[in-house]
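The values are calculated or read from the model by the stated rules, or taken from the named source; none is laboratory data. Just so it is clear, the model here is predicted, and its values are computed rather than measured. All Cβ positions, glycine included, derive from the backbone under ideal geometry; neighbour counts span all protein chains shown.
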Amino acid sequence: MTTFVMALRTLLRHKDRVLKGLAAVLWLVIVILSLLPGSERPHTGYSGNLEHFVAYLGTGAVTAFAFPAASLLRLALPFVVASGLFEIAQIFIPGRSPGVDNWMASSLGAFVGILAMRTVVAPLLMRWRRKT
């Protein structure tokens with residue numbers, strides 16, 4: 001058995017702690033990046049909406065995998081509320097400009113990430129785990 005497969009099995013065995021920790025770290029990254037002044041925030045060169053969508057998609061997917069028993073509403077609602085609050089807070093942060101479009105991109109990204117994890121990724125991982 002390869003080292004990668006062994007590491008993946010170990011990760012899946014301890015996935016609750018690992019994934020909850022990773023979800024918390026990703027949430028913290030979103031909080032920090034959302035509240036940094038514009039001059040200090042790193043930019044990818046892509047549109048702000050794409051940055052929001054991708055950041056929330058990944059965080060939503062990891063959060064959904066970390067909390068498999070949580071309903072879709074319980075997973076998505078905190079993202080929708082938090083991203084809205086971050087956009088409102090940006091009114092008071094130098095170099096930042098809030099936008100409904102950013103809030104929608106964030107919320108949609110989280111929803112797509114949660115849905116993709118629940119309907120595609122998690123079932124495939126569990127099927128693979130049963131086979132190995």
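Quick one: would you say T59 is surrounded by 15 or more Cβ atoms within 10 Å (Cβ to Cβ) and farther than 17 Å from D101 by Cβ?
Values: surrounded by 15 or more Cβ atoms within 10 Å (Cβ to Cβ): yes; farther than 17 Å from D101 by Cβ: yes.
Here the answer is yes, as T59 does meet what is asked.
Residues A55, A69: which one is modelled with pLDDT under 95 and under 30 Å from V18 (Cβ atoms)?
A69
Any residue that is in a helix (DSSP H, G or I), touching a helix residue (DSSP H, G or I) at 6+ places or on another chain (Cβ under 8 Å), under 30 Å from R13 (Cα atoms) and in contact (Cβ under 8 Å) with a residue 12 or more places away in the chain - is there at least one of those in region 30-47? Spell out how you get there, then give the answer.
Taking region 30-47 and keeping what is in a helix (DSSP H, G or I), we get 30-35.
Still in the list and also touching a helix residue (DSSP H, G or I) at 6+ places or on another chain (Cβ under 8 Å): 30-31, 33-35.
Still in the list and also under 30 Å from R13 (Cα atoms): 30-31.
Still in the running and in contact (Cβ under 8 Å) with a residue 12 or more places away in the chain: 30-31.
Checking region 30-47: at least one residue is in a helix (DSSP H, G or I), touching a helix residue (DSSP H, G or I) at 6+ places or on another chain (Cβ under 8 Å), under 30 Å from R13 (Cα atoms) and in contact (Cβ under 8 Å) with a residue 12 or more places away in the chain.
Scan region 48-70 for residues that are among the aromatic types (F, W, Y) and assigned to a helix (DSSP H, G or I) and jot them down.
First pass over region 48-70, keeping only residues among the aromatic types (F, W, Y): 53, 56, 65, 67.
Hits for region 48-70 are F53, Y56, F65.
For Y46, are the conditions met, namely being loosely packed, with under 13 Cβ neighbours inside 10 Å and either under 15 Å from A110 (Cβ atoms) or modelled with pLDDT under 95 (or both)?
The answer is yes for Y46.
Scanning region 76-98 for residues that are modelled with pLDDT of 95 or more and among the small types (G, A, S), which turns out farthest from A24 (Cα to Cα)?
A89
Against the condition in contact with a Phe, Trp or Tyr (Cβ under 9 Å, 6 or more places away or on another chain), more than 13 Å from F65 (Cα to Cα) and among the hydrophobic types (A, V, I, L, M, F, W, C), how does V25 come out, does it pass? Outline the logic, then answer.
On the way: in contact with a Phe, Trp or Tyr (Cβ under 9 Å, 6 or more places away or on another chain): no; more than 13 Å from F65 (Cα to Cα): yes; among the hydrophobic types (A, V, I, L, M, F, W, C): yes.
No; evaluated as a whole, the condition is false for this residue.
Within region 17-30, take every residue that is exposed (fewer than 13 other Cβ atoms within 10 Å of the Cβ) and more than 11 Å from the chain's Cα centre (by Cα) and give me the one that is farthest from E87 (Cα to Cα).
Restricting to residues being exposed (fewer than 13 other Cβ atoms within 10 Å of the Cβ) and more than 11 Å from the chain's Cα centre (by Cα), the top hit is R17.
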